[in-house]
Structures are given as structure tokens and as C-alpha cells.
Amino acid sequence: MHQLATAGLTQQEAEAGRRRGEANTAVSGGSASYVRILRTQVFNFYNNILFVIGFTLLALGRYNDAFVSVGLGLVNAVLSSIQVIRAKRKLDRLQLLGRTEVIVLRDGRDAAVFPEDVVRGDILRIRPGDQIVVDGPVVEGVLEIDESLLTGEPDAVVRRAGEDVLSGSFSVGGSGLQLARDVGEASYAQRLTLHARRPAVDKTPLQRRIEFVVRLVMVLVVLMSAAIVAQAALEGVTLLRIVQISAVLSGLVPYGLFFLIAVAYTLGATRIATQGALIQQVNAVESISNVDVLCTDKTGTLTSGRLTVATVEVVRGPSIDADVERQLGSAVRSASTPTPTGDALAAALPGQVYAVREEVAFTSSLRWSAVATAGGTWVLGAFEALAPVLRGPSLAPVVARHARDGLRVLVFARALDPAAPLHDGDRPALPGLEPLAVVALEEELRADVQGAVAGLRDAGVAVKVLSGDDPRTVAALAGRAGMDVGTPVSGTDLDDERLDQLVAATTVFGRVSPEDKERIVGSLRRHGHYVAMIGDGVNDARALKRAHVGVAMRSGSAVTRDVADIVLVDDAFTALVPARREGRRIIDGIATSMYVFLARVATQALVILTVTLLGLGFPYEPTQVGLTLLTVGVPTLFLTLWARPVDPDPHLLGSLARFVIPAAVVTAACGVGVYTIIYTRVMQGLSSMTVPARVIESFQRYTGLTYADADFTMASATIGAQTGLSTFVTVASFGLILFLKPRTRFFASWTRPIPDRRPSLLVVALLVAFVGVLYTPVLSDYFGLTGPSRPMLVTVIPALAIWFVVLSAAYRWRVLDRLLGVDELRSAPRS
């Protein structure tokens, strides 16, 4: 063993081990691979339907139809992919910046390599501050190991020759050599990573509602499509016409909602990034706003990892110098091995560096340190460790008082015999001591924690602390953070029978294992809570994955960052408050847009069914469906951008039904009337030869047929009626925006007026744009419309007036609720 520890592997042996697959290769270097991102975002079920139709239309030479049919699906996929890839790249850059080299023995000499270049059998030199990157025993020396990222325990542990050190921990004292026994996926940290990365993407409540609506619409569209396409086939319609009808019918499915979600999530992630939160799972932008319980680790999340001096309470006695604080400050400055406690005391107290003749460095097993100088021998340690050799007044009441406050308590003492040795042979030994002061230290809260806790509490979010530390210490710190701690609970009390009861009633949990954290999050989920988990250590990874939203600290473990939905790149707890507000804004915007989308879908479906049943031809062409860019696409985009961070509507589906059903029925009825009147007039005019020659020439240009062709009259009547129908439905869709966002009481039959002028100005801009389409031949031809004509306007304008009066009455008098007896249902007595 000694020869191995001296020489380590040769470079040739290391290369051979790497070829055998024995290198310390991580499970992955970052988030999802580019191939997986593209496969998930582009080739999903909904996009695949669009792609099949699009390729068929391309094969039939209908390029415009194909572009309109597939365009939204492609844009949706591109936006989603861009957001996820951006998050992946940023996280990968952060991980590369945080990557440090380790020292291995190669050919008997120290060599600096990256962690992934360590191979099984390597000997690593471990120094204070080094991260442990593999599992294996200490082969030489003594190490002080901080395992808080693995276990949550803040106190370091001592590892001697033959004892294992686990990957993911840190060396905070001592030095030695470690054998790389378990590397790569066999190491402890990587095994936890594999478990935490199991596929588990939670859909948000809004996503589930949208998916339900979309699936419902798809079922109805499939049934309707089967009947209409079968009828068209029986009538001998061409394959091209069947594909065009299928494209129109597939367009009834509101794929645009997925596009809108992608846009909203991307914009939200960009806004949140400026606040210090990196979104890795795109739906986390919205998901964070649904959180009603936030679970957090203590060390590294609530605290900064640094200690501060709370008080130095000098022991009163005749031989105690007045300058005890300076003596304590000098003693910690004189120690050769720095410690977090010594750094905190040196920063708070005056002092100077003494010449040291003998020293005992602090270790977790000793729980004390000492320096012997010309002026005396000074000892600093835990009360329990020093108590057997302390002489003088009892310190137990003072120590207990500070311990109840959750403080870390040490005793500063002076050797009664200045010449007494600090070692008995090769083992440290305590001389008789005179106590000088009781020192109380506290963990430093992160600067933003108190404000964040207060903001979350005001927003109705309960905060629970899950820590591996002593429950009393955790409770004291949680109290300082502004939480109502109640009675803390230890992880040993979390038996299965009482788990749910304790989780529901408790704020602070101490001495909990990684498995306990996962169980606590699972219990909260089972009882209907929407849970977020914040952590920084490997021990938090499983709980982060179990939560609806996993949040990792940038300064924490790479494993935790890798599995988290959100990474706080500045370790700023407060970033969650604006993130939650941004999520509420997104929910409001998308919910508003759902009204517009579903009103359009339901209206088109009713028009198609009614017109088909009347035997008046198919009412839409694929290119005419492209007008949804004006009626749905642009409006919903701006309505989402202008949304406000309000509480989500818990009865969204019911509200949608009360708005959409009257809008669809009234709009479809008036639209079918417009279509029927224009269709009949054109048929009669062309059949009776009363149509002017210039009109016939126009119809020949629009249809591509001549007056002598057998299908000319029907094709002309169809395109004329389609133009009138599209004009009416488009303008009515603009009117629905005014019902949803009324500026004045004239349109305020669905909801109260709002002070925001922008929706009304948007309607004016959209109306001008549509008029431009009608009066610009190139654009009207592209969308399959004829130019505006007097018969069309004479039919459409009165229909719009009727539509407005009837729909306003339906909303104002809640006609749908009355027909369904909703009020009676609500007031019905319980049996």
C-alpha cells in the first residue's frame, strides 16, 4: 500500500484504464442532449399530425396551403427548442466555470487533471478546500471532511487511513491521499444523480387544462372529419380536395395554444433571468406561480455557510483580564490552520499574531484547538469537551441559554499552568483550564432570506425547512428568517403512520435524511399541495425531483443543478418572488387567450357542420384559415404580453364555457346566415344571367374556371360566400376582444371595464390591417378571398349589428346559466 501511495499509476496505466471504461465520466455534462431536446419539442404528437398534412399538401403542389397548415407547429417547436437549448448552454457554461482540477499521482509525481480524467486505481492528493470527486478509502494521512452536501450535517467528520471518503463531499482540514476505487456511475454522487434524473416532468394545472380542451376538440374534430371526408369521397371529390378539407378540419384543433405557451414561457424565462433565475424546464415559469408550499434546505440555502459572532460573554473572576476579547482574537489569529470559526472570531475581534511554540489543530473528534505562546496557553472548544478540566464557576447555565437560542457555543480558556504540555506522547491532551469567556456564534442568514420569506408569506406560500442539522438549531435559524416555527420535529419521528399528520402540522424538520426529504415532499403532494423544493446539496437532489418545481443554488452541487427546474444563478432567494409574479402574469395571459382560441374553434366547427348539412359546399379553404393570424395569433400574443399578475381562476373551464358557447352559437348562426344569403344570390345571379360581365370576369379569375365550365357557378358562389363569411367572422372576432377587455360600458356585458386602452387600440389596428387585406389584390388572392363588393358589405354589416345586440344580451342576462339552471344548482339544499 505504501508503494502504491507513493507512486500511484503510470500514465500508460491511466490510459489503459480509460480505454477499459474506468474513467470518472459523469452521467452527463449538463442538461438534456440537443437530440433529446429536438425530439421532445419538435416531434410531439400534435406537430406530427400537422407534418403529415403539410407533406401531403406539398406533394400535391399546394405550397401556400402547406405553409399555412404547418407554419404554427414549426414556430412553436422552434421557440420551445430555443428556450430549452439556451438554458442548457447557460448551465453548461456555469458548470465549466465552476470546474476545478484535482491532483493525482502519476509516475510518482503530482499531476493536475480534470475530475473526468481520474481513472480507477488513481491516487488523489487531498488538501483543505478540495472537493472529493470519487469514492474510495484514505490511504495516507488524516482528513477533515465536510459531508453537508451529502447528509445535511454541518459538522465535519474525521477520516483516517482505511476509512471511506465519498464523492460530493469537501476537505476542510488535514491532508492525505485517497484511492479512486468507485468512479463514474459507480460513485455515490453519480448513483444519486442517476436516481434523481428519472423521467418525471410535471405538467402544470394550466397545461393539463389546455391538454384536456385540446384532446376534447380533437375527438370532436376526428368524428366530424370522418363524416365530412366520407361524404366528400362518396360524392367523387378529388384527392386534393379531400386533403384540403382535412387541412381545414385539422386547423380546428387549437395548436396555436401550444405556440402561445411557448412564446409566453420564453418571454417569462427571459424576464426571470434578469432577476437571477435560470429556467431549465420551460413550464417552470408558470409552475412556480402555483406553489403553495415551499420546502427548503438550511445549510447553503437559508444560510450563506459563514459564521458570525453573536456574543462573547466574559466570565467574571479575580484573575480574569479585562482584555479577554483581544486575547481570543490573538489566539485564533495565531493558529496555523484556518477554520470557519477562527475566521469569524478574527473578523469580529481585535488581536495580533503570537509566536506559537506548540499547537493542537481543531478536529471534529477533539472538538477543541489550542496554541501555546510565551504569554500563556489558550484553548477554544466545545463546552462538553472542555468541561472535565475546567476549574471555576459553572458555565452550564450560560451554555444552555445560548444553545436554546440555536447558537453554536464554545468556551475560551487559559491553561492554569502556562508550561503544561498539549500532548501526551503523540496524542493531544488537555491541561487544567481556567474559563475566560463563553463564545456564541450563529450561522449567517443570506441577506435576502428574510425579505423573501415575508414576500412568500404575503403571497400565501407556506415555507418548511428540511435539514440534517439539530432540530433546535434549525428552528432558531428559521425563527430569525421570519418563520412561525412551532414545534420542530426530528427525522427519527417520521414513521409511516404519523408522517402525513406531522408533515401537515410542522414547519421545521431536523435530522432528516435525503429519503426523509423525499417522503415529506411526497406527503405534501398527496394532500393536494403544489410543492417547490430548494436545495444545494446532493442530499437534496431526490426531493427536488419529487417536487413539482425543483430549485437549485448555483453555488451548490452540480448534481442538484443538473436535476433542478430552476437554478438561482446568483444564489438569490428573492428571485423566487418575481418569478412567482411572472408566472401569475403568464397564467392570466394564456387564460385570456384561451377564450379567443376556443371561441374561434367552436365557431368554425359549427359553421362547417351547418353549411355542410345545408349542402352549400365546404365553407373554408386552407389559405382562408390563415386569417387566424389576425383573429387569434396577433391578439393573443399581445394580450399575453399585457397580462397582469392576478390570482388564477380556479373555475377556468366553467368560465370558458359560459363565454365560448354563447359566442360560438351567435357568431356561427349569423355567419351561416351571411354565407347562405351570399351563396344563394350568386347562384341565382349567375344562373339567370343577371350578373354584369365584369363580375363574371372576376369570378373566372378567382376560380380559375371559365363561365362555360360546369362547376363555374358553384365555385363562384362558394368563393363569394366564403369571402362574406370570413369577413364577418374576422370582424366579429375583433369584437370578442372588446367583450373580453372592454374599455367602456358599451362593451362591458361580459366583464367590468378596464383602464387599459391597449386592447381597444389593438382592435382598431387589426381592423385596419384586415381592410388592407381585402383591398389589396395580392393579399386577398393569397388568403383565397374576392375583393370587397357592395352585396357582400350590405349583407355583412347588418349581420354584425345583429350579432352585437344578441351576444351582448346573452352575456348581460347570463342566458346560458339560465338555460342550464346553474343558479338553481348552486342554491340547491344539501340532503
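The values are calculated or read from the model by the stated rules, or taken from the named source; none is laboratory data. Being a predicted model, the structure only gives us computed values, none of them experimental. We place every Cβ from the backbone using ideal geometry, glycine too, and count neighbours over all the protein chains shown. Note: accessible area is taken over every heavy atom of the protein model, side chains too, but ligands, DNA and RNA are not part of it. Shrake-Rupley method; radii C 1.70, N 1.55, O 1.52, S 1.80 Å.
For residue 395, state whether it is within 20 Å of residue 311 (Cα to Cα) and in contact with a Phe, Trp or Tyr (Cβ under 7 Å, 6 or more places away or on another chain). Spell out the reasoning first.
On the way: within 20 Å of residue 311 (Cα to Cα): yes; in contact with a Phe, Trp or Tyr (Cβ under 7 Å, 6 or more places away or on another chain): yes.
Taking the combined requirement at face value, the residue satisfies it.
Filtered by the rule that a residue be buried (at least 21 other Cβ atoms within 10 Å of the Cβ), assigned to a loop (DSSP other than H, G, I, E, B) and among the hydrophobic types (A, V, I, L, M, F, W, C), the range 600-640 gives a lone residue, 627. Does residue 753 qualify as being over 18 Å from residue 632 (Cβ atoms), free of Cβ contacts under 8 Å to residues at least 12 places away in the same chain, in contact with a Pro (Cβ under 6 Å, 6 or more places away or on another chain) and open to solvent by 20 Å² or more (accessible area, probe 1.4 Å)? Yes. For beta carbons closer than 7 Å, sequence separation of 6+ or different chains, a first residue in the range 642-660 that is assigned to a helix (DSSP H, G or I) and a second that is open to solvent by 50 Å² or more (accessible area, probe 1.4 Å), the qualifying pairs are 652/209; 653/209; 655/649; 659/750. Residue 674 satisfies every condition listed in (1) more than 30 Å from residue 756 (Cβ to Cβ); (2) open to solvent by 20 Å² or more (accessible area, probe 1.4 Å); (3) under 48 Å from the mean Cα position of the chain (by Cα); (4) of a type in the set (A, V, I, L, M) except (2). Scanning the range 800-815 for residues that are aliphatic (A, V, I, L, M) and open to solvent by 60 Å² or more (accessible area, probe 1.4 Å) yields 802, 805, 806. Residues that are open to solvent by less than 20 Å² (accessible area, probe 1.4 Å) and touching a Gly at 6+ places or on another chain (Cβ under 8 Å) were ranked within the range 477-497; the one that is modelled with the highest pLDDT is 489.
Taken together, 396, 374, 429 contain a single residue that is touching a His at 6+ places or on another chain (Cβ under 8 Å) and either open to solvent by 20 Å² or more (accessible area, probe 1.4 Å) or of a type in the set (Phe, Trp, Tyr) (or both), which is 429. Scanning the range 648-691 for residues that are within 14 Å of residue 724 (Cα to Cα) and in contact with a Gly (Cβ under 6 Å, 6 or more places away or on another chain) turns up 674, 678, 682.
Scoring residue 337 on the criteria (1) surrounded by fewer than 20 Cβ atoms within 10 Å (Cβ to Cβ); (2) polar (S, T, N, Q); (3) closer than 20 Å to residue 534 by Cβ leaves a single failure, condition (3). Only residues that are crowded, with 16+ Cβ neighbours inside 10 Å, assigned to a helix (DSSP H, G or I) and of a type in the set (A, V, I, L, M) were counted across the range 770-799, and they come to 5.
Among the aliphatic types (A, V, I, L, M), open to solvent by 30 Å² or more (accessible area, probe 1.4 Å) and free of Cβ contacts under 8 Å to residues at least 24 places away in the same chain, is that true of residue 689? Spell out how you get there, then give the answer.
On the way: among the aliphatic types (A, V, I, L, M): yes; open to solvent by 30 Å² or more (accessible area, probe 1.4 Å): yes; free of Cβ contacts under 8 Å to residues at least 24 places away in the same chain: yes.
Answer is yes for this residue.
Applying the condition of being under 16 Å from residue 296 (Cα atoms), of a type outside the set (A, V, I, L, M) and part of a helix (DSSP H, G or I) to the range 561-579 and asking which residue is most open to solvent (accessible area, probe 1.4 Å) yields 574.
Taking first residues from the range 109-121 that are within 10 Å of residue 9 (Cα to Cα) and partners that are open to solvent by 20 Å² or more (accessible area, probe 1.4 Å) and assigned to a helix (DSSP H, G or I), the Cβ contacts under 8 Å between residues at least 6 apart in sequence or on separate chains come to 119/18; 121/13.
Considering only the range 816-824, I want to know if a residue exists there that is surrounded by 13 or more Cβ atoms within 10 Å (Cβ to Cβ), more than 21 Å from residue 620 (Cα to Cα), modelled with pLDDT under 90 and among the β-branched types (Val, Ile, Thr). Yes, some residue in the range 816-824 is surrounded by 13 or more Cβ atoms within 10 Å (Cβ to Cβ), more than 21 Å from residue 620 (Cα to Cα), modelled with pLDDT under 90 and among the β-branched types (Val, Ile, Thr). Applying the set (1) part of a loop (DSSP other than H, G, I, E, B); (2) closer than 23 Å to residue 272 by Cα to residue 496 leaves exactly one unmet item: (2). Filtering the range 498-530 to residues that are of a type in the set (Lys, Arg) and open to solvent by 10 Å² or more (accessible area, probe 1.4 Å) leaves 498, 511, 519, 525, 526. I'd like the full set of residues that are crowded, with 20+ Cβ neighbours inside 10 Å and part of a helix (DSSP H, G or I), limited to the range 736-750. Within the range 736-750, 736, 737, 739, 740 qualify. Evaluated against (1) in contact with a helix residue (DSSP H, G or I) (Cβ under 6 Å, 6 or more places away or on another chain); (2) at negative phi; (3) among the charged types (D, E, K, R), residue 458 falls short on exactly one condition, (1).
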